[in-house]
Every structure is written in structure tokens, then in C-alpha cells.
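Read-outs: derived from the displayed coordinates by stated rules, not from any lab. Fair warning: this is a prediction, and the values are worked out from it, not measured in the lab. Cβ sites come from the backbone with ideal geometry, for glycine too, and all protein chains shown count toward neighbours.
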Amino acid sequence: MLIFEAYRDGAPAKTVDLAAAHLLGAESVPMRSEISAKAGRITCQKRAEGAAALALMWEAGSAGRLLLATTRLPEREQPYNLNVELARARLMLLIQKREDWGLFDYPDGAALSEELDKIRKLFVQALAVLGEGGEAAQLADECLTQAVELSEQTALFHASIFLKRRRSRGGERPTLGCVVDPASFSEPVVQRLGEAVDFVSLPMPWRFTEPREGQSDYARLDAWMDWAQRKQMPILGGPLLSFEPGFFPDWIYIWEHDFETLRDMMYEHVQVLVNRYGKGVMAWNVISAAQAYNAFGMNFEQMMELTRTSCAAVKQLVPRATVLVDLALPWGEYYAANPRTIPPMMYADMCVQSGVKFDAFGVRLLLGAPEEGLFVRDLMEVSTKLDEFAGFGKPLHVTACQVPGSVEIDKADHWSGEKPAAAAGRWHLPWGEQVQADWADAFYQLALSKPFVDTVSWLDLSDGPGHYLASGGLCTASLQPKSVYEHLRQLRSALAPRHGKAAPSAHKAGEGRPAAGPNHKP
């Protein structure tokens, strides 16, 4: 059992938000537990041995309201001071990333080092009065706020260095895309897309293409593919199979307990789509969110077999096309509640180690919805998560990124009830059109600075009900450009290649391509 005492303004906290709370074990893998809070004391009952960290939503002053974690701690009878442990963990992460990134040799980083020294001294002061819980907590709160802000500045400083290196190499640029709604094809929509992005990501929901068993309907996809061919707009097709809610038609669940039949039907479905659209698609998002949503109750071996067979089918039909394996909810909180799922990095590692025939990973980074896996995290956490993919030796495509454009109700089809986006946390300031644009500036700078990141796609072109985030689009519901749209256009212009138009590819990311992003300081 782990016990924490939480403080607000130096006094025991009256309430603690446990909406996103979970424990983390080795390698930051979420672990099953029961977490409760009463009168400022948090009790964590683990279901596994070993040290664990507590992650939860926490006010970090001007840095925002964020999902933050303590260090991994051993069990003991004496309660830990939550405020102090959150500050300790952030300092450790900041020091670790500075070492990983080798920032000590850059003269321009001297100011960051000086600020870190000040924060360290503040943390030492908190440790000196640890016996006085409230006083130590107040010092730790100040330390945490400054450490989160400094860690974001450090991440952006690191990104600026690598963006300059990419630009100096010249040649092709990283491509910028947008996920489209297959049911929303219209001339105003495609005009807005053509002004802002280099390629479109076209989902292919099975419930659209075969709403009734044996009755196919490709009209909506055909309209998009015909337009893309006329305009020579590259297409990232798929996902061909997605385990997120709303992808599969209702009739397929008749076979949910018959894996062999399901596998064969999915294999045939993949073949039909690739045969129909293979010549017009540059890259295929073959399977998405398989590790996070186990709608059919598959075991680990069955999930890996389905991943292997679906990727092999695409490779066999279009050998030159890029094949992606896509991960949703990359921090893996879902695993703490559902043992039949797979931690994201474990799934990624198994795809590499078990011989799955694919070219690149995809990752969906959606923040700002009050649901598991979508609570707000700071830029250092996001940058660190992207870095975890570097060791796999494959390019990475950010297949969807998005944050809210307002604090109003944001509701998706598969959510239970309506909750305001504010309940998911905030990044510095409450969500609004300008904060959304500032976050996009910073995120694109981080992502495009990674040598292994190939493409970045925004999730929705326009606001509207039924999306993950009703206010998360690049434009309003009436297709009026928002600040984030204009920023994306400016970024696209800054990245313009010397010749031709870039397309999603499987080449080694970061070689011979310039990149630049707006200089954003939180």
C-alpha cells in the first residue's frame, strides 16, 4: 500500500481529483490498483509487488492543470508528501532529458542551466522542512510550477536545435496533413484542405463501406479518391482496421467469439480495400488501436496474429506502399483497467521483434478530453513519449494530433455523458482559440524536430459534434479558418520544398529535409 498526503496552499487538501489517477510500475507501465482519497489522504492498494508511482491531475500554477506523476516509491507505513514527490519526479525527468539530449555543450542553454540550479535549491529547501508537511508542500508547489515551465522551455530549446539542422540539409520537407471525414466531401471542404496541407488522411470505417453484411457502399470513399487523383493530392489511407469505437459495423459482432472467422473476414476486408484503392494511396494505416481497445476479447497471441496477417496482406498487394501500425492512447492508462489489452510500447516492441512486415509506426496524440488517455499533459511529457519510438529504428507518423479550441462541452459518440473540456485540464491558460494555436505551434516544433518523425496530421478540419473534440478543428463548423489553421498555413509555407510536393513515405526521417516551426515560449 502507498499513502500520500496532499496539500493545497499549505493545508491538507479538502478534495483530490482522482478522475485520471492510476499507478505506474516498471518502465512506466500502468498497474491495476484501487485508489481512494479522504480528507487529503490518498490510499493506493496495489495488485502487484514492487515500487510504484502515482499519476493524477494536479494544479501546477501558471504551467496549467496537468496529468503529473511521482517517482516510483516503495511501500511504507509513513505517508509520502504528494506535493514534494511530484516536484521530485519532475526535477528528475528534467535532469534526465538534459543528459539524454546532450544540452550541456550549448552556450545558448546557459540560462536554462542557471534556472535549473535555482529550482534545485528551492527543492532542497522543501526537503529541509519535510517534517512540516504544509510548509514543505508550499515550497514544493513553487518548485513544481517552475520545473514544469523550465522543462517545456528545455524541450523547445532542444527542438530548435534540430529544426535548424534539418533546414541546413535542404531538400524535401516533412509533410503536414489532416484527417478528413469520409462523409463530408464538398468543394468548400477540399478548398480549405488544399490551402493548408500537403496530404490528407482518409479513414475507411467498415461501417461505411459495408453497413450490412454483403452490401458494399464505396461512394463516399470514391469521391475523395477521385478528387485526390485529379489534384495529385497524396493519400494516407486507413486505418483499414481500427479497434476504436464506431469503426466496425454492428453485424460483425455476431462473430466476436470466433477468432478464426473474424480473422478471415478482416483479412478479406483489407484485401478488398487495397485492391480497390491501392494505386491511389501512397501509404496505408493498416491497423490502429489494436492494443488499446479489445472489442472482441482477443488474447495477446490472437492480436499479434491479426496484426501480422493484415500487414502482410497489404505488403503482398502493394509492396512499394508504406505500411503503418498505429497506436492510440500511447501512455497506456487503459491497461490498468483492462488486463486483456497490451501496453503500447510492449505492443510496438512485439511488432518489431516478431517479424510483422511494416515500415513505420503511427501514433495518435489527442489531449484535452476528460476521458481515459486524453487528459492534458505538458510538452516535456509529449516530447519524452515521442522519443520512446526512436529506439525501434522505424519512422514515426503522428497520424492524429488535436487539442480543444474552447472550454465548452466537447463530446464524442462513444463517450458516456457530456463533460466540459476544462475537466480534462488546461495547458497554461483555459482552452481557447489562441491557446489551441499556441499549443499547435509548440507541438509541431517538437514533433518535426525529431529525426525519425515523418509526417504530422491534425485530426479534424472543422469543429462539429461527434468528433473526439467538438471544438478541436482547424476551422469553425462553417469552415471559417481559426488561428490554428492560419498557423498551419504559415508553417507549411515555411517548409515549402524547392521542387514538387512531398508525400508520406517510409524513407529514413530527417535526412535531407528542412523543417522550421514558430518560436513559441509558454
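In a shell of Cβ-Cβ distance under 14 Å around residue 314, excluding residue 314 itself, what net charge do Lys and Arg (+1) and Asp and Glu (-1) give? Result for the neighbourhood of residue 314: +3.
On the beta carbon distance between residue 486 and residue 183, with R0 = 30 Å, the FRET formula returns roughly 0.70. In straight-distance terms, cross-link reach from residue 97 covers every one of the aspartates and glutamates whose alpha-carbon lies under 13 Å from its own, apart from those fewer than eight places away in the same chain; here that gives 152, 381, 387, 388. Ordering 90, 47 from the fewest to the most neighbouring beta carbons within 10 Å gives 47, 90.
Length gained on full extension, residue 104 to residue 117, computed as 0.36 nm times the residue gap minus the Cα-Cα distance: 3.3 nm.
Fewest-first ordering of 4, 296 by other beta carbons within 10 Å of each residue's beta carbon gives 296, 4. Residue exposure proxy: 364, 76, ordered by other Cβ atoms within 10 angstrom of their Cβ from fewest to most, comes out as 76, 364. Label separation (residue 275 vs residue 305): 2.4 nm, computed from points 7 Å beyond Cα along the C-beta direction. Each label point was placed 7 Å from the Cα along the Cα-to-Cβ direction; for residue 132 and residue 45 their separation is 3.7 nm.
Value of Rg to Rh for segment 84-204, rounded to two decimals, is 1.22; Kirkwood radius and Rg both from alpha-carbon coordinates.
The eigenvalues of the Cα gyration tensor, multiplied by 5 and square-rooted, give segment 1-154 an equivalent ellipsoid with semi-axes of 27, 18, 13 Å from largest to smallest. When the square roots of the Cα gyration tensor eigenvalues are ordered a ≥ b ≥ c, the ratio a/c for segment 344-491 is 1.5 or more and a/b exceeds b/c, which makes its shape prolate.
A 22 angstrom limit on the alpha carbon distance is what I want to check against. Which of 357/394; 14/385; 279/357; 385/482; 279/315 exceed it? Result: 14/385; 385/482 exceed 22 Å.
Under 17 Å of direct C-alpha separation, and excluding same-chain neighbours fewer than eight residues apart, residue 231 reaches these aspartates and glutamates: 187, 195, 198, 222. Simple spin-label estimate for residue 78 and residue 14 gives 3.0 nm between the two label positions (7 Å along the Cα-to-Cβ direction from each Cα). Our compactness index for segment 48-105, the C-alpha radius of gyration over the empirical 2.2 N^0.38 Å, is 1.32.
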